[in-house]
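J.: My questions all concern the structure below.
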Number of protein chains: 6
Amino acid sequence: MKNHDTLETGRALSEQFNPGMEATLEARYGHLLPGMAQSTVDFVYGQQYARPGLSLRDRYLATIAALTAQGGQTRPQLQINIAAGLKAGLSRREIAEVIWQMALYGGLPAAINALNSALEVFGSHDDGER
Amino acid sequence: MKNHDTLETGRALSEQFNPGMEATLEARYGHLLPGMAQSTVDFVYGQQYARPGLSLRDRYLATIAALTAQGGQTRPQLQINIAAGLKAGLSRREIAEVIWQMALYGGLPAAINALNSALEVFGSHDDGER
Amino acid sequence: MKNHDTLETGRALSEQFNPGMEATLEARYGHLLPGMAQSTVDFVYGQQYARPGLSLRDRYLATIAALTAQGGQTRPQLQINIAAGLKAGLSRREIAEVIWQMALYGGLPAAINALNSALEVFGSHDDGER
Amino acid sequence: MKNHDTLETGRALSEQFNPGMEATLEARYGHLLPGMAQSTVDFVYGQQYARPGLSLRDRYLATIAALTAQGGQTRPQLQINIAAGLKAGLSRREIAEVIWQMALYGGLPAAINALNSALEVFGSHDDGER
Amino acid sequence: MKNHDTLETGRALSEQFNPGMEATLEARYGHLLPGMAQSTVDFVYGQQYARPGLSLRDRYLATIAALTAQGGQTRPQLQINIAAGLKAGLSRREIAEVIWQMALYGGLPAAINALNSALEVFGSHDDGER
Amino acid sequence: MKNHDTLETGRALSEQFNPGMEATLEARYGHLLPGMAQSTVDFVYGQQYARPGLSLRDRYLATIAALTAQGGQTRPQLQINIAAGLKAGLSRREIAEVIWQMALYGGLPAAINALNSALEVFGSHDDGER
């Protein structure tokens, strides 16, 4: 029965950080890949992000670091995770710092490209605090 | 004068987390690359890890995430950073969690390989569970 | 004389799956890189895709898998190979499945980005069967 | 209830292609990452490889292609999947062909390194040519 | 005092090959990452490109090779370095050749994408010699 | 008839920089991949390295840069190309410089790992400093 719980847990967490994600995935990919939306919610949110042992804030910090170091080909996902990281308690400064630090591991171009992605997200969240 | 400070700051930090690193780099690579050891300490520690705005613990978390997602080709550096992350306050559990989460971004093989690297570091630090 | 044959074999195969490719490469890059168009047709189609031992359908399946796992930076080539894979006998469902499976090896973002590329190709091939 | 089934399905498939995998993961990583072994079996085998729409033989072909194109850092996983691909019906020739084709996408060094990995697997399976 | 010199050296070199770069970085990222523009000029130009032992022309050749082999995700940086490479004495032909050679190491798609980036730069520098 | 020439040209060049390569590839992989050794010599040496427009010395410089930036998974090929680069006229210092510069694009760990590979090659070529 455990896995039934991971799907439900994943749904609750996913709705909190990416509202409507499962429905969007189902509408976009469901005709080609039945069950893919449910699998994503279950594994990503229910079996990974919902794990105890590391805070959600730290998990988003790690994800932003990884997507930056992998280079700009994951721009849409990087931006989704930056927005989610802000919700999870990361400050803009912390996000900018972790991206810039990735110059050491993914190279300067990857860091600069990711900073540009972050600036776009910050621009569209311009509701006060920097 | 700022940069003189970044070199000194970098040296202090580097000695704390990787004792002897500058001397090792100099001994190993200095005959081929004069100044490379100093540059590394200055840029990596003095101009990156020493920056305010993100804690050292968080910086090591991010580095471990990135090196994992990039795949196992950076094993020695991953292990150095796992050891430094333990010093900076990360628990073994947190390190294992962030590595496993990278299955989502760098793929399952990269995560498994990095877990094996972590186990080796943990084994050689077996001085009481954290 | 063998290689003369690989160029001719490559031309025949290339015309079948990417009509006009050699001429397009020559027109676009020939002034800078004399012979590059011919080299590409010879090596890619004549010396690789035309090899016995694996069907063309399987070769396109493998290419789609690899380009997906490498991340979205190869979008134009991924789309060309998805279109060629349909010609070689792959179904849309098989293409979607192999892309989604790559979440395990190239990460979720790479798989999602590639699915979006596939949807665009499928949309422009909307002549009946899904 | 669906997910309960994916775990059971995954276990059956995993035991067929990698006997003892869940137990090995649990023994090796369970103390650091409770539930990780179960998650892997559930997601990798139950929610990915067990999907209809693409044969297991084709799935292993795609995995071998992807791990080759990503470079040699996933050698252990590449070898596990080559062995599983043989069980799923791929011939040695087909495996060699798909690896060599990856020279076009992951570069020559990645293809050569993967061929070496395959030779090791073939050597340890030397119970009559396929 | 050495590092003070690397910053000044870096500034002189940076102004020669990317006029206005430090000011642009400061204006764009300085509010989020104080000192980042200065660090970039210091490390990239002062502590790397300004090193003796390899000519600037060769350094740009190497950078173009690396950014090509890493795939198209670094397009803006690739184009900046192609333009700088022309200033440092590389011919268009040499740039095209090195990019095309990278088909061997980064795969054909990466080489083709980089050639397209180069054509765009060459088009906007169309002041005579090819 | 052109391609017949590329194979012969490739053989001459290959024998000069990697004596015995075609025979080694044939002996090692020929039973699985008939014609692969010949294809490699033809494409790599005959259709790429033998192209006019860029010197062999520059081509090896570019290759060393690219293999470094891609990370340590291509160690054997990196070492083969460092040895060939020495034959083509690169100095040890130039090779070390270009590897170290790659810290900017492939990250510090990739550069350090490649320096270690170079030291091994230099150690086994210790017949008078260059």
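The values are calculated or read from the model by the stated rules, or taken from the named source; none is laboratory data. Small disclaimer: the values here were computed from a predicted structure and weren't measured. For neighbour counting, all protein chains shown are included, and Cβ atoms are generated from backbone atoms with ideal geometry for every residue, glycine included. The area values use the complete protein model at the heavy-atom level, side chains included, leaving out ligands, DNA and RNA. Shrake-Rupley method; radii C 1.70, N 1.55, O 1.52, S 1.80 Å.
J.: Rounded to the nearest 0.05, what FRET efficiency do D:Lys87 and D:Asp5 give with R0 = 25 Å and r taken as the Cβ-Cβ distance? Could you check?
T.: On the way: r = 23 Å, r/R0 = 0.94.
E between D:Lys87 and D:Asp5, to the nearest 0.05, is 0.60.
J.: Just report the Cα centroid separation between segment E:8-68 and segment D:1-61, whole Å.
T.: Computed from Cα coordinates, the inter-centre distance equals 48 Å.
J.: If you project the alpha carbons of chain C onto the principal axes, what extent comes out on each, in Å, largest first?
T.: The principal-axis extents, from largest down, are 44, 33, 31 Å.
J.: I'd like to know how segment E:4-49 sits against the 2.2 N^0.38 Å rule of thumb: what's its Cα Rg over that expected value? The partial results should precede the final answer.
T.: Values: Rg = 9.7 Å, N = 46, 2.2 N^0.38 = 9.4 Å.
Computed over Cα atoms of segment E:4-49, the ratio equals 1.03.
J.: Within the protein assembly as shown, what whole-number % of the accessible surface is contributed by carbon and sulfur, with the 1.4 Å probe and all protein chains included in the calculation?
T.: Numbers: 14120 of 25530 Å².
Carbon and sulfur: 55 percent of the exposed surface of the protein assembly as shown.
J.: A follow-up question, please. Under the rule of -39500 (n - 2.57) per DSSP H run of 4 or more residues, summed and divided by the residues of chain E, what mean residue ellipticity at 222 nm is obtained, to the nearest 500 deg cm²/dmol? Intermediate values should be presented prior to the final figure.
T.: Working: 8 runs with 87 residues, N = 130.
That calculation yields -20000 deg cm²/dmol at 222 nm.
J.: Something else now. Rg to Rh for the protein assembly as shown: what is it, with Cα atoms only and Rh by Kirkwood? Show your work: numbers first, answer last.
T.: Working: Rg = 25.2 Å, Rh = 26.7 Å.
Looking at the protein assembly as shown, the ratio lands at 0.95.
J.: Let me ask something else. Just want to confirm a number: the relative contact order over chain B, from Cα pairs under 8 angstrom separated by 6+ residues, in percent. Before the final figure, lay out the partial values.
T.: Working: 141 pairs, mean separation 27.9, N = 130.
This gives 21 percent for chain B.
J.: Then there's this: Taking each label point as 7 Å beyond Cα in the direction of the beta carbon, state the distances from D:Gln16 to the same residue in the other copies, shortest first, in nm.
T.: Those separations, rounded to one decimal, come out as 3.3, 3.9, 5.6, 5.6, 6.6 nm.
J.: Let me ask you something else. Quick check: net charge around B:Leu56, other residues with Cβ under 12 Å of its Cβ, Lys/Arg +1 and Asp/Glu -1? Spell out each step's value before the answer.
T.: Details: positive: B:Arg51, B:Arg57, B:Arg59, B:Lys87; negative: A:Glu97, B:Asp58.
Result for the local shell: +2.
J.: Considering Cα pairs under 8 angstrom that are at least six residues apart, work out the relative contact order of segment B:4-49 and quote it in whole percent.
T.: Details: 49 pairs, mean separation 25.3, N = 46.
Reported relative contact order: 55 percent.
J.: Can you list, shortest first and in nm, the gaps between the label point of D:Arg57 and those of its counterparts in the other copies, using a point 7 Å from Cα in the C-beta direction?
T.: 1.0, 5.4, 5.5, 5.5, 5.7
J.: Give the Cα extents of segment D:56-124 along the principal axes, in whole Å, largest first.
T.: Principal extents (Cα only, largest first): 27, 23, 19 Å.
J.: Same structure again: Which residue is it, in chain E, whose C-beta lies closest to the E-to-F rotation axis, and what is that distance in whole Å?
T.: Result for the E and F rotation: E:Ala65, 2.
J.: Please report the buried accessible area for the interface of B with A, total over both chains, probe 1.4 Å, in Å² to the nearest 100. Please report the intermediate quantities before stating the final value.
T.: Details: alone 7640 and 7710 Å², together 12630 Å².
Separately minus together, B and A give about 2700 Å² buried.
J.: What does the structure give for B:14-27 when I average, per residue, the other chain Cβ atoms found within 10 Å of the residue Cβ?
T.: Shielding by partners across B:14-27 averages 0.
J.: Could you give, in nm with one decimal, how far C:Gly89 is from each other copy of that position, shortest first, with labels 7 Å out from Cα toward Cβ?
T.: 1.3, 5.2, 5.6, 5.6, 6.1
J.: What accessible area per residue comes out for chain F, rounded to a whole number of Å², with a 1.4 Å probe? Can you show the working numbers first?
T.: Values: 4250 Å² over 130 residues.
Value returned for chain F: 33 Å² of accessible area per residue.
J.: Let me ask something else about it. List the residues of segment C:89-107 whose accessible area drops by at least 40 Å² when all protein chains are present, compared with their chain alone, using a 1.4 Å probe and counting only protein heavy atoms.
T.: C:Arg93, C:Glu97, C:Trp100, C:Gln101, C:Leu104, C:Tyr105
J.: Then there's this: Only four residue types carry charge here, +1 at the Cβ of Lys and Arg and -1 at the Cβ of Asp and Glu. Report the dipole size of chain F about the Cα centre in Debye, rounded to the nearest 20.
T.: Values: 11 positive and 13 negative charges, 47 e Å.
Computed charge dipole of chain F: roughly 220 debye.
J.: Additional query: Just counting partner chain Cβ atoms within 10 Å, what average do the residues of peptide D:108-118 show around their Cβ? Walk me through the intermediate numbers first.
T.: Numbers: counts 10, 14, 8, 2, 8, 5, 0, 6, 3, 0, 2.
What the average comes to for D:108-118 is 5.
J.: OK, next. Quick one: Karplus J couplings for segment A:42-53, per residue in order, coefficients 6.51, -1.76, 1.60, θ = phi - 60°, nearest Hz, x for Gly and Pro?
T.: Per-residue couplings from phi come out as 4, 6, 5, 8, x, 9, 10, 4, 7, 4, x, x Hz.
J.: Further question: Based on Cβ point charges of +1 for Lys and Arg and -1 for Asp and Glu, what charge dipole magnitude is obtained for the protein assembly as shown about its Cα centre, in debye rounded to the nearest 20? Could you put the intermediate results ahead of the total?
T.: Details: 66 positive and 78 negative charges, 14 e Å.
With Lys and Arg at +1 and Asp and Glu at -1, about 60 debye.
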